[in-house]
Amino acid sequence: MADTVRLTIDGQEVTVPAGSTLLQAAQAAGREVPTLCYHEALTPPGLCRLCVVEVDGARTLQAACVTEARDGAVVHTRSPRVERARRTTLAMLASATNLDEAPQLQAYLQDYAADPAAFGPVARREYPLIDDNPMYVRDYSQCVLCWRCVQACATDAQYVFALTFAGRGFHTRISTAYGVSMPESPCVFCGQCVAVCPTGALKPRRTFLLEQGYTPEQLAHYAAVDHDAVHPPATHYAGQV
Ligand code: SF4
């Protein structure tokens, strides 16, 4: 088997190591393909479909982050069909999620002229902010369900399995098992979920408190800043459907 494959990306021939993905091939050709669930340190889950590209001869659009580059393939990263698919995905994301703290997604929305109201009135998934531990806060109203935090918490990094999906359909959310608080879960507060979150859904508690108006001097007594002083008592999702 050859060590490399040669394919055409947007009219440009490119040679990449065998086993490369279409995303890697596109990057080698200098093409920008938008991504969301993909993170270079994690196993690509192929969930968000933002990175779809068109491959000549393929019936459906292919998720570039999980599709292997084949010798002789002819790939289009920004065809009208690709643009339509990305615009639809972005519009649906923005209609259901608060993306105010996701600058990369905001840039994609502009780039693809995605309208959050394209399919009817905006209907956001609203959840109360969860402040149940000293290390980080969780605002799942800003969560795009990319799965990155779950992967970092599981077999891609920490192997503690504190996070998973819960709920169904529109009400799908990230949660601990049975919705217990973080201190009650297997979480070891490594912070890797926070590091890979592409939106403001997971945030260091210190950052959150600074945004709330606390000064660095006040945070010198950080441990004394308890939940009830900041906002109503912490909540979790136990029992919510
Ligand atoms: S909390 Fe962040 S990393 Fe986790 S699924 Fe939501 S957006 Fe992705």
| remark: If you go through LEU93, LEU22, LEU42, LEU99, the only one that is at pLDDT 95 or above and in contact with a Ser or Thr (Cβ under 6 Å, 6 or more places away or on another chain) is LEU22
| query | So is CYS193 within 14 Å of the ligand (Cβ to nearest atom), in a helix (DSSP H, G or I) and either touching a Lys or Arg at 6+ places or on another chain (Cβ under 7 Å) or at pLDDT 95 or above (or both) or not? | reply | yes
| request: Could you grab me the full set of residues in the range 13-57 that are touching a Phe, Trp or Tyr at 6+ places or on another chain (Cβ under 9 Å) and assigned to a loop (DSSP other than H, G, I, E, B)? | output: PRO34, LEU36, CYS37, LEU42, PRO44, PRO45, GLY46, LEU47, CYS48, LEU50, CYS51
| Given (1) crowded, with 17+ Cβ neighbours inside 10 Å; (2) more than 22 Å from LEU93 (Cα to Cα); (3) within 15 Å of the ligand (Cβ to nearest atom), index of the condition TYR214 fails | (3)
| Enumeration of residues in the range 144-189 that are near the ligand (Cβ under 9 Å from one of its atoms) and assigned to a loop (DSSP other than H, G, I, E, B) | VAL144, LEU145, CYS146, TRP147, LEU163
| request: Restricting attention to the range 58-72, report how many residues are out of contact with any helix residue (DSSP H, G or I) (no Cβ under 8 Å at 6 or more places or on another chain) and either in contact (Cβ under 8 Å) with a residue 24 or more places away in the chain or part of a loop (DSSP other than H, G, I, E, B) (or both). | output: 7
| said: Which pairs turn up if I take residues in the range 16-45 that are within 14 Å of ARG86 (Cβ to Cβ) and look for partners that are within 14 Å of the ligand (Cβ to nearest atom) and of a type in the set (D, E, K, R) with beta carbon separation below 8 Å, at least 6 apart in sequence or on another chain? | reply: CYS37/ARG148
| request: Could you grab me the full set of residues in the range 23-43 that are in contact with a Leu (Cβ under 8 Å, 6 or more places away or on another chain) and not small (Gly, Ala, Ser)? | output: VAL33, PRO34, THR35, LEU36, CYS37, TYR38
| request: State whether one or more residues within the range 37-44 are surrounded by fewer than 22 Cβ atoms within 10 Å (Cβ to Cβ) and over 18 Å from the mean Cα position of the chain (by Cα). | output: no
| Which members of the range 199-210 meet the condition of being assigned to a loop (DSSP other than H, G, I, E, B) and more than 6 Å from the ligand (Cβ to nearest atom)? | GLY200
| note | Within the range 161-173, restricting to residues that are aliphatic (A, V, I, L, M) and in contact with a helix residue (DSSP H, G or I) (Cβ under 6 Å, 6 or more places away or on another chain), the one that is surrounded by the most Cβ atoms within 10 Å (Cβ to Cβ) is LEU163
| query | Any chance the range 129-136 includes a residue that's in a strand (DSSP E or B), under 20 Å from LEU36 (Cβ atoms) and out of contact with any Cys (no Cβ under 6 Å at 6 or more places or on another chain)? | reply | no
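The values are calculated or read from the model by the stated rules, or taken from the named source; none is laboratory data. Remember, it's a predicted structure, so these values are computed and weren't measured experimentally. Cβ: placed from backbone, ideal geometry, glycine included. Neighbour counts: every protein chain shown.
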